[in-house]
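The block underneath contains the structure these notes are about, expressed in structure tokens.
The values are calculated or read from the model by the stated rules, or taken from the named source; none is laboratory data. The structure displayed is predicted, hence computed values, not measured ones. Cβ coordinates were reconstructed from backbone atoms using ideal geometry, including for glycine residues, and neighbour counts include every protein chain displayed. Ligands, DNA and RNA are stripped out before the accessible areas are found, and what is left, the full protein with its side chains, is counted by its heavy atoms. Shrake-Rupley method; radii C 1.70, N 1.55, O 1.52, S 1.80 Å.
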Amino acid sequence: MLDHEYTTKEVFQNNFFSDWRKEMTAEERKVIKHLDKCDFTEIHRYFVDKTAARKALPKEEKQKLKEEAKKLQQEFGYCILDGHREKVGNFKTEPPGLFRGRGDHPKMGMLKRRVLPEDVTINCGRDSEVPEPPVGHRWKEVRCDRTVTWLAAWTENVQNSVKYIMLNPSSKLKGERDREKYEVARRLKGVVGEIRSQYRADWKSQEMKARQRAVALYFIDKLALRAGREKEEGETADTVGCCSLRVEHVQLHPEADGCPYVVEFDFLGKDSIRYYNKVPVEKLVYENLQMFMENKGPGDDLFDRLTTASLNKHLQDLMDGLTAKVFRTCNASLTLQGQLRALTRAEDSVAAKILSYNRANRAVAVLCNHQRATPKTFEKSMQTLRSKIEAKKKQVAEAKAELKKARAEHKCRGDGRSKSFLEKRGRLLERLEEQLGRLSTQATDKEESKQVALGTSKLNYLDPRISVAWCKRFGVPVEKIYNKTQREKFAWALDMAGEDFEF
DNA sequence: GATTCTACTTAGGATAATTGTG
DNA sequence: CACAATTATCCTAAGTAGAATC
């Protein structure tokens, strides 16, 4: 881990050293007292070399390794569920190592222990063959619980949470649940108008709790914020969602950028990804926020009378199956559908249509704040793209000069040959200009996408039937939108969605 | 009503595999 | 074909939500 910046952090070092001390023998403990006097470079080099050696392996050796992995997958990567053979998602337990949470995690550097068969609970059918534990070991427990979907589970020691072995997204079970999720979101689409008028009315409620709920719901609906459940302090990184927002996370501006009543959000959300947004809101929302913030310190809860549990209970009353996260799914899918409608032109080429699809996808990713680190190769590849553009510009300029020359020539000679030559020059210029245009949109796209992660929304928020219908309607092969794994996950949608599917 | 536990979905980074390019 | 760039897969952390327990 020495390559990583986080090993230099004090929290990481303290956690690691204290856990390491616990593993030492009494003798070792007497000798090894300060982390900063320890030199790990030798063991670090050992692993670096090992990785390099594996990379440098001859082709046949690599092939052999691949086949061995495949065999392992064949043996352990499948299960029988209700008579059907299904792929398992994660069929390996997690190896021991040093825990690295995301963001400013108080437990970074702690030792994550090796999982032993004695830690593992197996869940299988009553009359199925119980998998054998490794020789000399036994399972913690074998149970037959048909009400849950996991096949095995163990408790991880750092966060004291349960880890599960579950089915692959391609399985029938996961597919059905995925579909149900989108069906709930579609039902929300039908009643969201009513819900909106309800919460708008609640902005004026006598009850503080109802007002807070109504403002929070407005944000969840409008901005696709996460619910934001309360979490144990000191156990995880300090991140928030809607209901757990604190006064310090919002700033009110009576007027900003020419708009009245602007709310500026700045907080760390899931995975410590920063959410920053400046949004004009309605006057009543603004005034309510002012009131919620009165006589509070920066560290106080903005919605002190609200919990995700009470919000979800209220939502359940408004629509069966409705919870806060459904708004995010609904908003994302509707955004994709709307953007696709706005951006796709039937006469475009397939490549141009795919570009439109990716733009629509991007709009959703921006809405959901799905970010990624700028790729390491970004600057370099951007540079080559820029030089390509420069070269193309030069070509265009040359072609223009050539065209001018040809025009003069034709004026002077006026024969058929010079005319066809002139036309040829014209077509060349046209083609070059087109190419230049494509390159510069590519550059713009690249720049605007460098910190946007498209995969998360594609996999979790966008009803695949929207994409499938779009592909069918515009003659785009579905493989251009979904790769093999994605097609397996969305098999249920590939089968059923016709070109006129509407979310 | 608060807290803890359980089960599941959603998330970005690391790494492996594939594709593009000179 | 070698190497770089891009894309797919793997990995596991970090959320949501509801039930059980205090």
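In the context of the full set of protein chains, chain A has a per residue accessible area of 61 Å² (1.4 Å probe).
Rounded to whole Å, give me the distance from the Cα center of the stretch A:393-428 to that of the stretch A:27-52. The two parts, judged by their Cα centres, are 72 Å apart.
With r defined as the distance between the Cβ atoms of A:Glu232 and A:Leu318 and R0 fixed at 41 Å, what FRET efficiency is calculated, to the nearest 0.05?
With a Förster radius of 41 Å, E is 0.85.
Compute the signed sum of charges (Lys and Arg +1, Asp and Glu -1) over the other residues within less than 11 Å, Cβ to Cβ, of A:Lys296.
Summing Lys/Arg as +1 and Asp/Glu as -1 gives -4.
Could you check how much of the accessible area of the stretch A:173-331 is carbon and sulfur, as a whole percent, using a 1.4 Å probe? Please list the in-between numbers first.
Working: 3660 of 8080 Å².
Summing carbon and sulfur atoms, their accessible area is 45 percent of the total for the stretch A:173-331.
Modelled spin-label separation between A:Tyr164 and A:Glu67, with each label point placed 7 Å from Cα along the Cα-to-Cβ direction: 3.7 nm. In plain terms, the bigger the Kirkwood radius, the slower the diffusion; for the stretch A:221-317, with that radius from Cα pairs, at 25 °C and 0.890 mPa s, Stokes-Einstein puts D at 172 µm²/s.
The trypsin sites (Lys or Arg not before Pro) of the stretch A:375-447 that meet both conditions, a loop assignment by DSSP and at most 11 other Cβ atoms within 10 Å of the site Cβ, are A:Lys376. Using DSSP to call loops (not H, G, I, E or B), can you name the GluC sites (Glu not before Pro) in the stretch A:398-503 whose Cβ has at most 12 other Cβ atoms within 10 angstrom? Counting only loop positions with at most 12 other Cβ atoms within 10 Å, the GluC sites (Glu not before Pro) in the stretch A:398-503 are A:Glu499, A:Glu502. In chain A, the longest principal axis of the Cα atoms and the axis of helix A:416-449 are about 20 degrees apart.
Applying a threshold of 28 Å to the alpha-carbon distances of A:Lys112/A:Lys484; A:Lys181/A:Lys313; A:Lys66/A:Lys140; A:Lys296/A:Lys450; A:Lys392/A:Lys419 flags A:Lys112/A:Lys484; A:Lys66/A:Lys140; A:Lys296/A:Lys450 as lying beyond it. Taking only Cα atoms, what is the 0 to 90° angle, nearest 10, from helix A:324-343's long axis to the longest principal axis of chain A? Helix A:324-343 and the main axis of chain A meet at about 10 degrees. With K and R counted +1 and D and E -1, the other residues having a Cβ less than 12 Å from that of A:Ser205 yield a net charge of +4.
Considering chain A, its Cα convex hull presents a mean projected area of 36.4 nm². Say R0 is 51 Å: what FRET efficiency, to the nearest 0.05, do A:Asp304 and A:Ala346 get from their beta-carbon distance? In this case the efficiency is close to 0.45. Computed from the alpha carbon atoms alone, the convex hull of the stretch A:342-496 holds 144 Å³ per residue. Counting only protein heavy atoms and a probe of 1.4 Å, the accessible surface of the stretch A:5-165 is 52% carbon and sulfur. A crude spin-label estimate for the pair A:Lys394 and A:Val48, with each label 7 Å from Cα along the Cβ direction, gives 4.0 nm. A simple spin-label model places the labels of A:Gln206 and A:Leu385 5.9 nm from each other, with each point 7 Å out along Cα-to-Cβ. Peptides A:141-152, A:311-322, ordered by how many other C-beta atoms sit within 10 Å of their residues on average, highest first, read A:311-322, A:141-152. Axis angle, to the nearest 10 degrees, between helix A:10-23 and the longest C-alpha principal axis of chain A: 40 degrees. Among the listed pairs A:Lys62/A:Lys163; A:Lys92/A:Lys270; A:Lys204/A:Lys283, those with a Cα-Cα distance over 20 Å are A:Lys62/A:Lys163; A:Lys92/A:Lys270. Using a probe radius of 1.4 angstrom, the carbon and sulfur fraction of the accessible surface of the stretch A:342-496 is 53%.
Gyration tensor analysis over the Cα atoms of the stretch A:5-165 returns equivalent ellipsoid semi-axes of 35, 24, 15 Å (largest first, whole Å). When the charge dipole of chain A is built from unit charges on Cβ atoms (+1 for Lys and Arg, -1 for Asp and Glu) and taken about the Cα centre, the candidate among A:Thr147, A:Trp20, A:Val281 whose Cα reaches farthest toward its positive end is A:Val281. Averaged over residues, the count of other Cβ atoms within 10 Å places the peptides A:78-85, A:110-117, A:22-29 in the sequence A:110-117, A:78-85, A:22-29, highest first.
Taking 0.36 nm per intervening residue step and subtracting the Cα-Cα distance, what contour gain separates A:Asp104 from A:Val191 on full extension?
Values: separation 87, 0.36 × 87 = 31.32 nm, distance 3.99 nm.
27.3 nm is the gain from fully extending A:Asp104 to A:Val191.
For A:Tyr286, the accessible surface of its heavy atoms amounts to roughly 10 Å² (probe 1.4 Å, protein chains only, rounded to the nearest 10).
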